[in-house]
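Reviewing the structure listed below.
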Amino acid sequence: MNKRSVRDLDVRGKRVLVRVDFNVPVEDGEVTDDTRIRRTLPTIRHLLSEGAYPILISHLDRPGGRRDPENAMDPVAKRLEELLEAPVLKLDDAIGEEVEEALDNWEVEGGVVLLENSRFYPGETDNDPEFAEQLASLADLYVDDAFGAAHRAHATTVGVAERLPGAVGFLLEEELDNLDEVLQDPEHPFVAIIGGAKVSDKVGVIESLLNTADTLLVGGAMCFTFFKAQGYEVGNSLIEEEYLEEAKRLIDEAGERLVLPVDVVVAEEIEEDSPSQTVKAEEIPAEMMGLDIGPETVEKFREPIKNARIIFWNGPMGIFEMDAFAAGTEGVARAVAESEANSIVGGGDSVAAVAGLGLEEEMGFISTGGGASLEYVEGKKLPGVAVLPDEGEE
Ligand code: ADP
Ligand code: MG
């Protein structure tokens, strides 16, 4: 990562607009998972300790450019105040006279201001120049700590960054450094574990990882497209016909580095109590579908995971949301947790699976950006990052 860091900004006495990713789940006015809030605390604390005036902005859910009380930032402000142990002044707008007045008066000594949900304004997702200009006029400097939104060219990620001197926050920096480690010059053995729902979502990721990975373990629904490409019968398992050629090509390209499951858990329906059984990968009965990797596969995957120096994991191994099909994901998660490798976990559902097992602390790094981490690993430029100045740049 060669972007200018918040560490190198002279923020004393300055108003700093900080794009954070506080897009957290909220139920009955309470934040039910505050991970993303906690992960931005280092940047916020740094700004406070350096004597800056932090003005935070985030989107929350998808209110579609309209004010929606359901998605107001108040529950987030409450949680942030508890975690930060400093006052948080939540404003009911993101731009306009009242915001300007509140900032001029700055009544939260030693605390922060949290602006209202950026997606209450249509100008956010349109990256409308006028909206960006209004936001930029509120501050002297810009800090981006919202990895989860970095793949979007919105007003708060790109428009504002074009109008203010900016830098990356500590979380964004850590995200990029960890992903760069798997993309650029990883220690070996480097083991990638790819699962989840669709081949189409992950072809680019697999392709890109094949540049640096020694072993690529494949599970989840996508393995059935690979099986079919090899001529196996896959019953009613999820298949993407239009990716069969691609799957074949990847198998050829990767050779022995690509490791597919040897057994799978199958059932007739995707139901918790649907009778299930474990069968060999090449013996999936016609009326059944594969919903998890089997125990023999978990054993097989355990070996490379144990010996790895670096692990990148994206995508659950089965329908982990149902106990009947969760064992594969759990087995792999435990193996990764036990491995001494630096393990990097990305993807919304994979991260949820790890959290559900209480294994977050055992992992090396957990990415806060689902879509963003996939796009970055695919080698796409993230607009929210590309727009920020490089180290040493004026
Ligand atoms: P991530 O969010 O970690 O990137 P994905 O969104 O790609 O992961 O995939 C997660 C989803 O894939 C989960 O909801 C899981 O139930 C589903 N899934 C995993 N294995 C299977 C399978 N064999 N059949 C159907 N769905 C599956
Ligand atoms: Mg997902």
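Just so you know, all these numbers are worked out from the coordinates, no wet-lab data involved. On a predicted model such as this, the values are computed, not experimentally measured, just so you know. Note that we place each Cβ from the backbone using ideal geometry, even for glycine, and neighbour counts take in every protein chain shown.
Some points to look at:
- Computed across the range 112-263, the Kirkwood radius stands at 18.5 Å (inverse of mean 1/r, all Cα pairs).
- Formal net charge of residues neighbouring LEU56 (Cβ-Cβ distance under 13 Å; K, R +1; D, E -1): +1
- Taking one quarter of the surface of the C-alpha convex hull of the range 239-394 gives a mean projected area of 11.9 nm².
- For GLY166, the amide hydrogen comes within under 5 Å of the amide hydrogens of TYR142, counting only partners 5 or more places away or on other chains and with H modelled in the peptide plane.
- Other residues lying with their Cβ under 14 Å from the Cβ of GLU174 contribute a combined charge of -3, Lys and Arg counting +1, Asp and Glu -1.
- Net charge, ILE251 excluded, C-beta distance under 14 Å - Lys, Arg +1, Asp, Glu -1: -2
- Within the chain, all pairs of alpha-carbon atoms sorted by distance into 10 Å bins from zero give the percentages 5, 22, 28, 22, 15, 7, 1, 0.
- 5 angstrom amide H check on LEU89, placed H, neighbours 5+ away: VAL112, VAL113, LEU114
- Normalised per residue, the volume of the convex hull around the Cα set of the range 233-278 (Å³): 95
- Stokes-Einstein diffusion coefficient of the range 334-394, Kirkwood radius over Cα pairs, 4 °C, 1.567 mPa s, in µm²/s: 98
- Pairs beyond 30 Å (Cα-Cα), from LYS198/LYS306; LYS3/LYS248; LYS248/LYS381; LYS248/LYS300; LYS90/LYS381: LYS3/LYS248; LYS90/LYS381
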